[in-house]
Structures are given as C-alpha cells and as structure tokens.
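What follows is calculated from the coordinates using simple rules that are stated; it is not laboratory data. Keep in mind it's a predicted model, so treat the numbers as computed, not measured. Don't worry about glycine lacking a Cβ; one is built from the backbone with ideal geometry, like all the others, and counts go over all protein chains shown.
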Amino acid sequence: MGIPTEPIGSIPRPPALLAALADHAAGRIGDDELAAAQVEAVADTIARLERIGCPVLVDGEQSKPSFATYPIAGLDGLAPDGAVIPFADGHTRQLPRLVAGPFRYGVHAETYVRAARRHTRLPLKQAVIAPSALSLLYPAGGIEDYPRKAFIEDLIAEAAADIRGCLDAGAHVVQLDFTEGRLSLKLDPSGGLLEEFIALNNQVLEQFSAAERARIGVHTCPGGDRDSTHSLDVDYADLLPRLFGLRAGNFYIQLASEPDPARVLDIIGENLPPEARVFIGVTDPIDPRIETPEQVRDRVLQAARHLPAEQLGTCDDCGFSPFADDTSTSREIAFAKIAARLEGTALAAEALDL
C-alpha cells in the first residue's frame, strides 16, 4: 500500500524565468516571450520531479503570478489598495480591492492542468485558491449597484467552475489553498470570520459528489513567504476542529515547523473525519536546512502513533515561493527537500510494513 505523498504546489522559479518576469515588468519583452519562459520552466519542473521519483506531480505554479491572485491578474475593476496581510518579519502582501462587478475569473486553473499534461503522463495535482481568500477582495464599504450578496453568488459559481474544470481536465487531485484560515483567527479571535470562511467554502464543495470530493483537498498553513509567516502564533487547537468541518476528502496540514507536533497530532486524531485522509507536513520550506530522509521517517512514524495508517499521507508544510518574486529559497534546496520527503516517507512505510 505504501504512504501517499504529494507536493503542495509552488516551486521556486528558475533564474531564466525570474529574469523574464523582470524584463516583462520593465517592458523589455512581450507576453509571448514571457509565456515561452514559463513553458520552459514548467517542463523543467515536471521533468525534475519525475527524475526524483515524485508519484504525484505539480507544475510548480511557474505560470502564476502567485498562488492567490492567478484568477484576477490583469483584470479591470480592481484597485491596488485592498486588504493588507502582515508577516512576522515586518513585510506585507496586499490584495487588490474590487471596485465594480460582476466578479469573474480572468484565468481558470484548468489551463495550467492542460499545459502541464503536455509534459507528463503521471498524475497531476492542481492547487487553486479558496473562495474564502478571494472574498477579501470585496470592500467593507460595499460597491454601488453590486451588493455583497451578488458578489458572493458570483464568487461561488466561479470557484466551483475552477475546481470542476481541473477535475474535467484530468487532475488527479485539486487542492484548495486555505492559508487565510489560520490568519482569520488572528484577525478575529472570536472565530466568527473563520466560520464565515468555512461556510463559504462548503457552499462550493457541496456542489460536488462524494466521489469528486475524494479528489478535492484543503491545505492549511501559517503562510510561508520570504522566510516568514503570518500566523504561526495562532493555536492550531482553535483552527483544526473547525477545519475538519470542510466537506473535503483530503487535508494537507503544515506540521514540520510546529513547536509541539505531538499535541497537534492529538488534535488531528480527535477530529479527523473517518472518510478523510490527512497529509502531514514533514519538510519546512522556509527553513534552509535540508531535512534528512531519517528525520522525515521519524516524523511520519510519530504521526502513525496518533493516526490510522490508512488515513495518513505526507506533504511539504507549504508551497515553496508561492509568490513569483520570492527568491528566499533556492530551486535546488526545494528539490532536495522534496527528495528527502519521498525517501523518508518510503522508509516509514517500510518500517510500518505498509
């Protein structure tokens, strides 16, 4: 049987793509030249994952401006002064603000699935942004002639289409990135905002059959950008019991960077739905130290003491460089950490006789 193992999504961009992004932003090259650099980076990412034996592949999000903003990149009806997300080291990321409706995605993630499929026959995973994150685009003061209720209805329809398009394009699994879940408890410790997020995401997930939801997962982490996080200080005990109320078949949970993983594993074990699988993070993307396969093995064996083996999988804590301009982690370190995850997971499966 073994233990399933999957990447989360992002892989650091190669130098040629980073240079092309800078040249495109400065007007030195056009869209076609940037697209060619992105295609080359996707092909290289997939080929390298295949070479190290990754059973489920990703395109590394090489063609996305970020994991969060791909659906809205280049759209009209947006202003730059939206919600600000502060990180522990003092830097921030800012979302745009919606100024007019109706809300529509400019890009659906199925385009990434179809582009990646040209380079491999192995199972492909596609990460998509959770609708709860995009709900932050709507301003508190409202929009004239476009009430929030209408926006939410449009958002639900677009998010469902984003997931369904990936499934129809042959994605092995679709993962909703829900980093704002833990952050919401920092913004609203009462949990009210988190409950709103979960209810919104469930309105999308409930449009899929049980068989389809078995191919849909949710990823949670405290954010990982420029070697910093936005909500690592938020107690998982306040998030995880509610997180497992999401109608998803898989959960990807950052764990390697947690100070007390045994406590978190106890919380997972008490709340994990019997029909779901949990992929625990066994490598920390923002730690420059490369885990050894033996460290990964031991983390998996620790998890197996708390969770049923048939519901257990492994992953990286977060994506590597989820924003295109994040160069804090090298491409070589990312692939080395992924290789350690693969080997360590196999060692744990052997020790558990799986």
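Descriptive notes on the structure:
- Exactly one residue out of 32, 76, 59 is over 12 Å from residue 324 (Cα atoms) and surrounded by 14 or more Cβ atoms within 10 Å (Cβ to Cβ), and it is 59.
- All positions within the stretch 145-180 that are over 21 Å from residue 56 (Cβ atoms), aliphatic (A, V, I, L, M) and within 19 Å of the chain's Cα centre (by Cα): 155, 156, 159, 160, 161
- Scanning the stretch 116-132 for residues that are surrounded by fewer than 18 Cβ atoms within 10 Å (Cβ to Cβ) and either of a type in the set (Ser, Thr, Tyr) or under 19 Å from the mean Cα position of the chain (by Cα) (or both) yields 120, 123.
- In the stretch 119-149, the residues that are in contact (Cβ under 8 Å) with a residue 40 or more places away in the chain, more than 23 Å from residue 250 (Cα to Cα) and in contact with a helix residue (DSSP H, G or I) (Cβ under 8 Å, 6 or more places away or on another chain): 119, 120, 136, 138, 143
- For residue 81: the one exception among (1) surrounded by 19 or more Cβ atoms within 10 Å (Cβ to Cβ); (2) acidic (Asp, Glu); (3) farther than 26 Å from residue 123 by Cα: (1)
- Restricting attention to the stretch 302-349, the residues that are without any contact (Cβ under 8 Å) to a residue 60 or more places away in the chain, among the aliphatic types (A, V, I, L, M) and within 22 Å of residue 266 (Cβ to Cβ) add up to 3.
- Residue match in the stretch 214-226 (condition: in a loop (DSSP other than H, G, I, E, B), within 14 Å of the chain's Cα centre (by Cα), touching a residue at least 40 places away in the same chain (Cβ under 8 Å) and farther than 18 Å from residue 189 by Cα): yes
- Check on residue 183, under 27 Å from residue 225 (Cβ atoms), of a type outside the set (S, T, N, Q), over 15 Å from the mean Cα position of the chain (by Cα) and part of a helix (DSSP H, G or I): no
- Test: residue in the stretch 163-178 that is charged (D, E, K, R), in a helix (DSSP H, G or I) and in contact with a Lys or Arg (Cβ under 8 Å, 6 or more places away or on another chain): no
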